[in-house]
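S.K.: Pasting in a structure now, in structure tokens, and then I'll have a few things to ask.
The values are calculated or read from the model by the stated rules, or taken from the named source; none is laboratory data. Quantities reported herein were computed from a predicted structural model and do not represent experimental measurements. Counting neighbours? That spans all protein chains shown, and the Cβs are built from the backbone with ideal geometry, glycine included. We work out accessible area using only protein heavy atoms, side chains counted, and drop any ligands, DNA or RNA first. Shrake-Rupley method; radii C 1.70, N 1.55, O 1.52, S 1.80 Å.
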Amino acid sequence: MSRCSPGLGEVRRGDNNHHLSVLTLSGTDVPASLIRLIAMNQQEQLQAKAKELLTEQKIDVVIGYGLTEIGHVGAIFVREPDQVDRLLWNEDCTENLTVYLKRKEVKKMGRPGVVVKGCDAKALAVLEIEHQLSRDPQAGNTMVAIGMECYGVRERGEKLDKCKTCDVHQPPHCDVVIENPDQRARHVDEDTGPGARYAKLEMLSAMTTDERLEYWKRELSRCIKCYACRQNCPMCYCEVCVVDKNRPVRIDTSATLKGNFAWNILRAFHLAGRCVGCAACSTACPAGIDLDLLNLTLAKAAEEQFDYRAGAVRNVEPLVGTFSPEDQEEFIR
């Protein structure tokens, strides 16, 4: 046990991921473990929590961020307590790791603990609603969601658009949330209302129908049909995708304009009421197509017409396939 006088134990570090805490517990016994926890930055707390969960055998694998073989920050799978120092947390942790929860090879690793940001955590709610994931302890669920308080990630050195209007800095639906009060105190939120969330669409709204068609022709003509958007999306979990079916061939599998339109529009409608806005598709696209514009268009319609935001609330009926007498009908023609 340690006894702290006012100001003793003050922690000041320059890194954005470090806590700024002042212990003013004069005359109060403070456990040494608590003092160490306060002095830890988010990455260190993540590593400590991962080690605890693995050591106590509450999970078998941590799906987290780390340096990949090519030196980029991406998904890594930690199975031993002495490997947790491989886990990283910084502004380059862009990937939505919930996508791995449905992979067969990952399921074979056993009970998972997954590191999530606020936008990623919403995917857990959608997967649960769609019965792709069970988090009911009585049903034998042992998955642990480790939330990381987040104030923005970047791609190619630029802060992602989704982060500029984020309203889920503290991840919902998590079993553990590793906070960052220092950055929280210094962060000034930009507008996070619906107007700001869908501001990117104003460019399209200002166009005529013909201008929008030409815009999407230019954009989708660059699609190479690599399906990186599908592979990085946690909502794309079909074992056999429609584009992989060849009896009959429903979508042109080559990278033609016709096939590109069919694929990208079909996928956008498949994500209607389901896309959580994590932007994994856009960041994965090697052609640099802003696929988020398609998803935002449908997300805006869902919020305006049905007051529904995918993943915002757990245990609610899915938007598509659910009827309510209170649903608006003015938009039906």
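S.K.: Does the stretch 66-82 include one or more residues that are part of a helix (DSSP H, G or I), buried (at least 21 other Cβ atoms within 10 Å of the Cβ) and either in contact with a helix residue (DSSP H, G or I) (Cβ under 7 Å, 6 or more places away or on another chain) or among the β-branched types (Val, Ile, Thr) (or both)?
M.R.: No, there is no match, as no residue in the stretch 66-82 is part of a helix (DSSP H, G or I), buried (at least 21 other Cβ atoms within 10 Å of the Cβ) and either in contact with a helix residue (DSSP H, G or I) (Cβ under 7 Å, 6 or more places away or on another chain) or among the β-branched types (Val, Ile, Thr) (or both).
S.K.: Filtering the stretch 166-180 down to residues that are in contact with a strand residue (DSSP E or B) (Cβ under 7 Å, 6 or more places away or on another chain) and in contact (Cβ under 8 Å) with a residue 40 or more places away in the chain, which residue is most open to solvent (accessible area, probe 1.4 Å)?
M.R.: Filtering the stretch 166-180 for residues that are in contact with a strand residue (DSSP E or B) (Cβ under 7 Å, 6 or more places away or on another chain) and in contact (Cβ under 8 Å) with a residue 40 or more places away in the chain, the one most open to solvent (accessible area, probe 1.4 Å) comes out as Gln170.
S.K.: Further question on the same structure: How many residues does the stretch 240-273 contain that are open to solvent by 60 Å² or more (accessible area, probe 1.4 Å) and either within 25 Å of the chain's Cα centre (by Cα) or in contact (Cβ under 8 Å) with a residue 60 or more places away in the chain (or both)?
M.R.: Selection size over the stretch 240-273: 5.
S.K.: Which of the numbered conditions does Arg309 fail, given that it passes all the others? Conditions: (1) open to solvent by 50 Å² or more (accessible area, probe 1.4 Å); (2) in a loop (DSSP other than H, G, I, E, B); (3) at pLDDT 90 or above; (4) out of contact with any Asp or Glu (no Cβ under 9 Å at 6 or more places or on another chain).
M.R.: (4)
S.K.: Take the residues of the stretch 83-134 that are part of a loop (DSSP other than H, G, I, E, B) and without any contact (Cβ under 8 Å) to a residue 12 or more places away in the chain: which is nearest to the chain's Cα centre (by Cα)?
M.R.: Filtering the stretch 83-134 for residues that are part of a loop (DSSP other than H, G, I, E, B) and without any contact (Cβ under 8 Å) to a residue 12 or more places away in the chain, the one nearest to the chain's Cα centre (by Cα) comes out as Arg103.
S.K.: Residue check, Arg314 against (1) at pLDDT 90 or above; (2) under 18 Å from the mean Cα position of the chain (by Cα); (3) not aromatic (Phe, Trp, Tyr), all met but one. Which one?
M.R.: For Arg314, the exception is condition (1).
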